[in-house]
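Taking it in order: structure first as structure tokens, then the write-up.
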Amino acid sequence: MVYMHARRGGGGAEKPRIVVYAYEDSVTGIDPSLEFDTGIVVLGMVYEPLLYYNPEKNEFKPALAESWEANENHTIWTFHLRRDAVFHDGTPVTAEAVKFSIERALRAYRERGEGPGYIWEGVKEIRVVDDYTVQFVLEKPMRLDLIAAASYGAYIYSPRVLEYAGVSDPLDPALRNWFDSGHEAGSGPYRIVYYNPESEIRLEKFEDWWGWKLVDNPDAPDTVVIRIVTDSTAQLNGLKSGAIDIATSVPLGEIEGLVKQGFRVYNMITYHNYVLMFNTRRYPTNITEFRLAVAHCIPWDRVVKLALKGYGLPASGIIPHYFPGHLENYTYAYNKTLARQLLEEAGLYGKNLRIEIMVVGGYEQEVVFAEILKGELSELGIHVDILARPWDTMAEIGPRVWGDPESVPHLMINDWWPTIPSPYDFLYNLLHSN
């Protein structure tokens with residue numbers, strides 16, 4: 001992330017402070033219970049969970065709950081809500097709102113398989129003790145504090161959204177459409193005033209937010225403009241011209257130069273993995289030896305140097321470095337001799353195989369990785385076609401593998417970041433099978 005100090009509007013008396021934040025993807029949705037993708041860039045500023053979690057310090061901070069406790073075996077958790085929190089529609093944040101929001105997320109997952117509500121599996125009952133006390137009764141011991149601080153599926157909003165959307169059932173599709181049309185009823189520091197998921201989202205300061213008297217930055221912007229800029233070079237140029245204050249995706253080779261020019265660059269550890277996914281229902285990626293051969297053709301050091309420009313690490317297993325449950329020495333060694341042996345054992349060597357790999361167009365890291373892999377596999381007689389597509393297209397194509405695997409590429413690059421700070425989030429979502 002590259003940052004310039006935010007600017008004031010021009011002329012005379014002090015004008016509202018505006019920050020323009022460039023984001024590289026269109027926003028896939030802003031339903032606080034159902035959104036499970038790029039909408040996080042909006043949700044975290046408009047809505048709040050019960051708790052916040054700092055993974056570096058392994059500590060919790062109050063959000064809408066100012067205190068909480070569990071019984072001895074962690075099957076009953078009680079949260080006490082702050083009394084000064086209000087939603088953007090002026091109604092108070094209450095235990096009933098917590099119950100409504102969480103039950104909708106859980107129902108959507110249980111009944112329709114939609115959204116991140118799986119994080120609440122194991123919740124047997126949500127009890128409204130009084131207006132500002134809510135109790136979760138669980139089927140088994142759970143770390144509900146981690147779940148209550150989730151980055152998806154844990155946001156609280158006003159139950160009056162049913163009235164606003166003109167529906168009675170919280171799972172009525174019209175409610176999701178209401179949210180995804182740019183409406184909201186959160187309690188966070190900013191409210192939505194303009195919403196175009198393909199080009200720009202404009203947020204304005206919610207003056208009645210309880211946290212302004214506590215916030216670390218008293219000079220927080222009055223207006224946040226989230227501008228969709230899919231091209232990294234365009235983000236770079238916008239940053240240099242002053243049209244953009246914060247860029248989230250610039251060509252990695254430009255970062256050192258930006259530092260020298262006085263830009264502030266935040267280079268930090270994230271729990272974000274790129275994942276190479278195989279279509280195991282299509283030939284030849286349905287053959288184990290072929291998949292292993294591909295894995296042994298990845299020159300990790302070169303990928304980190306060329307695709308990531310040194311800003312990353314080779315993964316070891318599905319769980320990211322520094323994340324709970326991460327293990328070392330789970331990386332497939334780069335070994336072309338072994339790759340050839342595997343192909344020979346499967347009768348695939350010398351068959352002039354042709355496969356497809358799909359990447360997100362404009363994602364420099366993914367495109368360079370695909371080009372490196374293409375070169376490596378070509379030395380084993382395997383031709384690779386690189387298909388660059390927008391992320392929303394990839395997200396639509398991927399699930400077809402269950403019904404029409406021949407229409408899905410052999411390889412797709414996906415990425416994953418955690419919903420909750422638990423290895424379960426990676427292991428279940430990426431590896432579980434029914």
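The values are calculated or read from the model by the stated rules, or taken from the named source; none is laboratory data. Remember, predicted model here, so these are calculated numbers, not experimental data. Every residue, glycine as well, gets a Cβ built from its backbone with ideal geometry; the counts of neighbours run over all protein chains shown.
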Worksheet item: So which pairs qualify, if the first residue must be in the stretch 76-100 and without any contact (Cβ under 8 Å) to a residue 60 or more places away in the chain, the second must be assigned to a helix (DSSP H, G or I), the Cβ gap must be under 8 Å, and the two must be at least 6 apart or on different chains?
Response: Leu81/Ala95; Leu81/Val98
Worksheet entry | Tabulated pairs, the stretch 371-391, first at positive phi and surrounded by fewer than 16 Cβ atoms within 10 Å (Cβ to Cβ), second modelled with pLDDT of 95 or more and among the hydroxyl-bearing types (Ser, Thr, Tyr), C-beta under 9 angstrom, 6+ apart or interchain | Gly381/Tyr349
Fill in: Residues satisfying the stated conditions in the stretch 241-270, i.e. surrounded by 12 or more Cβ atoms within 10 Å (Cβ to Cβ), over 25 Å from Pro320 (Cα atoms) and touching a strand residue (DSSP E or B) at 6+ places or on another chain (Cβ under 8 Å)
Ala243, Ile244, Asp245, Ile246, Leu258, Val259, Phe263, Arg264
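Of all residues in the stretch 103-125, how many are crowded, with 17+ Cβ neighbours inside 10 Å, of a type outside the set (Asp, Glu) and out of contact with any strand residue (DSSP E or B) (no Cβ under 6 Å at 6 or more places or on another chain)?
So the count comes out to 12.
For every residue, the table says whether it meets (1) crowded, with 17+ Cβ neighbours inside 10 Å; (2) part of a loop (DSSP other than H, G, I, E, B); (3) touching a residue at least 24 places away in the same chain (Cβ under 8 Å).
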| site | (1), (2), (3) |
| --- | --- |
| Gly153 | yes, yes, yes |
| Leu171 | no, yes, yes |
| Phe179 | yes, no, yes |
| Ala185 | yes, yes, yes |
| Val193 | no, no, no |
| Trp212 | no, no, no |
| Val224 | yes, no, yes |
| Leu239 | yes, no, yes |
Item to complete: Starting from the stretch 48-64, keep only residues that are surrounded by fewer than 17 Cβ atoms within 10 Å (Cβ to Cβ), then list their pairs with residues that are among the hydrophobic types (A, V, I, L, M, F, W, C) whose Cβ atoms are within a distance under 6 Å, requiring at least 6 positions of separation or different chains.
Response: Tyr52/Ala63; Tyr52/Ala149
Item to complete: Considering (1) surrounded by fewer than 19 Cβ atoms within 10 Å (Cβ to Cβ); (2) part of a helix (DSSP H, G or I), say which one Asn329 fails and leave the rest.
Response: (2)
Fill in: Condition met for Ile76 (at pLDDT 95 or above and more than 26 Å from Arg202 (Cα to Cα))
yes
Discussion item. If I filter the stretch 141-148 for residues that are touching a residue at least 24 places away in the same chain (Cβ under 8 Å) and assigned to a strand (DSSP E or B), do I get at least one hit?
Written reply: no
Fill in: Close pairs from the stretch 305-317: first at pLDDT below 95, partner part of a helix (DSSP H, G or I) and of a type in the set (Gly, Ala, Ser), Cβ under 6 Å, at least 6 apart
Lys309/Gly253
Practice prompt. Would you list the strands (runs of 3 or more DSSP E) that sit entirely within the stretch 9-104 and hold 3 or more residues that are over 30 Å from Trp391 (Cα atoms) and outside the structural domain of Trp391 (by TED's automatic domain parsing)?
Written response: 59-62, 65-70, 76-81
Discussion item. Step by step: first the residues of the stretch 404-434, then only those that are surrounded by fewer than 16 Cβ atoms within 10 Å (Cβ to Cβ) and modelled with pLDDT of 95 or more, then the one that is nearest to Val229 (Cα to Cα). Which residue is that?
Written reply: Ser407
Worksheet, complete the sentence: A careful count of residues in the stretch 327-362 that are within 24 Å of the chain's Cα centre (by Cα) and free of Cβ contacts under 8 Å to residues at least 12 places away in the same chain gives 1
Worksheet item: What about Gly350, is it among the small types (Gly, Ala, Ser) and on the phi > 0 side of the Ramachandran plot?
Response: yes
Worksheet item: Out of all the residues in the stretch 127-135, is one or more within 23 Å of Leu175 (Cα to Cα) and either assigned to a loop (DSSP other than H, G, I, E, B) or at pLDDT 95 or above (or both)?
Response: no
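Yes/no matrix, rows are residues, columns are (1) assigned by TED's automatic domain parsing to the domain that holds Leu348; (2) farther than 30 Å from Glu376 by Cβ; (3) out of contact with any helix residue (DSSP H, G or I) (no Cβ under 8 Å at 6 or more places or on another chain):
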site: Asp222; (1), (2), (3): no, yes, yes
site: Asn237; (1), (2), (3): no, yes, yes
site: Ala247; (1), (2), (3): no, yes, no
site: His296; (1), (2), (3): yes, no, no
site: Ile318; (1), (2), (3): yes, no, no
Discussion item. Any residue at all in the stretch 355-370 that's at pLDDT 95 or above and exposed (fewer than 13 other Cβ atoms within 10 Å of the Cβ)?
Written reply: no
Worksheet item: When the residues of the stretch 394-429 are filtered to those that are in contact with a helix residue (DSSP H, G or I) (Cβ under 7 Å, 6 or more places away or on another chain) and in a loop (DSSP other than H, G, I, E, B), which remaining residue is nearest to Gly153 (Cα to Cα)?
Response: Thr419
